[in-house]
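Remarks on the structure that follows.
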Amino acid sequence: MKRSSLNPVLRVDFPLGERLGRGKIQLMELIVSTGSISAAGRAMDMSYRRAWLLVDALNHMFVEPVIESQRGGKKGGGAGLTPFGETLLARYRAMEGRMNEAIRADMEWLEANSDKSPQ
């Protein structure tokens, strides 16, 4: 199946202006794969401060923390998802999959009828 050039994006807007979308989800996935907030931020080409602010926002959006970190020591610091964070990540990816499946025919129609010439 040909990959569409169109990309639907799932973003959940919370009261008080908080948002959950692909940026925070990607950061969470990179924290899982790197074990580090700073390494995850670098992989996304953002400063440690920006990555930490996103982690802090995630941890305050929900009734339970999403990401936990440990300060450096003999083995150095690190970060990972809490069990709640693992569930959040899995549920977001499942929601995204269901959304894509639900709008597949419409996306195919948009793709077929889009002007594919570069602007």
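The values are calculated or read from the model by the stated rules, or taken from the named source; none is laboratory data. Since we're looking at a predicted model, the values are computed, not measured. We place every Cβ from the backbone using ideal geometry, glycine too, and count neighbours over all the protein chains shown. Remember, those area values only see protein heavy atoms, side chains included, never the ligands or the DNA or RNA. Shrake-Rupley method; radii C 1.70, N 1.55, O 1.52, S 1.80 Å.
Return the loop-located trypsin sites (Lys or Arg not before Pro) in segment 1-91 (DSSP other than H, G, I, E, B) with at most 13 other Cβ atoms within 10 Å of their own Cβ; answer none if there are none.
Here the trypsin sites (Lys or Arg not before Pro) that fit, given the DSSP loop and packing criteria, are Lys2, Arg3, Arg11, Arg71, Lys74, Lys75.
Pick from Gly35, Gly97, Gly85 the residue whose mean-square fluctuation is largest in a GNM of the chain, springs joining Cα atoms under 10 Å.
Result for the chain, Cα springs under 10 Å: Gly97 fluctuates most.
Suppose we take every Cα in the chain and form the convex hull; what volume per residue is that in Å³?
Residue-normalised Cα hull volume stands at 158 Å³.
Can you send over the solvent-accessible area of Ile67, 1.4 Å probe, protein chains only, in Å² to the nearest 10?
Ile67 exposes around 10 Å² with every protein chain in place.
Kirkwood hydrodynamic radius, segment 9-63, all distinct C-alpha pairs: what's the number in Å?
Final number for the Kirkwood radius of segment 9-63 is 11.4 Å.
Of Ile103, Ser38, Thr82, which is farthest along the charge dipole of the chain in the positive direction, counting Lys and Arg as +1 and Asp and Glu as -1 at C-beta?
Checking the options against the dipole of the chain, the answer is Ser38.
So who's got an amide H within less than 5 Å of the one on Gly78, skipping anything under 5 residues away but keeping other chains? H placed 1.01 Å off N, in plane.
Sorted by chain and number, the residues that satisfy this are Gln70.
Percent of accessible area on the chain owned by carbon and sulfur, 1.4 Å probe?
Taking all protein chains in place, the chain shows 53 percent carbon and sulfur surface.
Largest first, how would Tyr48, Tyr92 line up by accessible area (1.4 Å probe)?
Reading off the accessible areas and sorting them downward yields Tyr48, Tyr92.
So how do Met28, Met99 rank on accessible area, 1.4 Å probe, biggest first, that is with the largest at the start?
Met99, Met28
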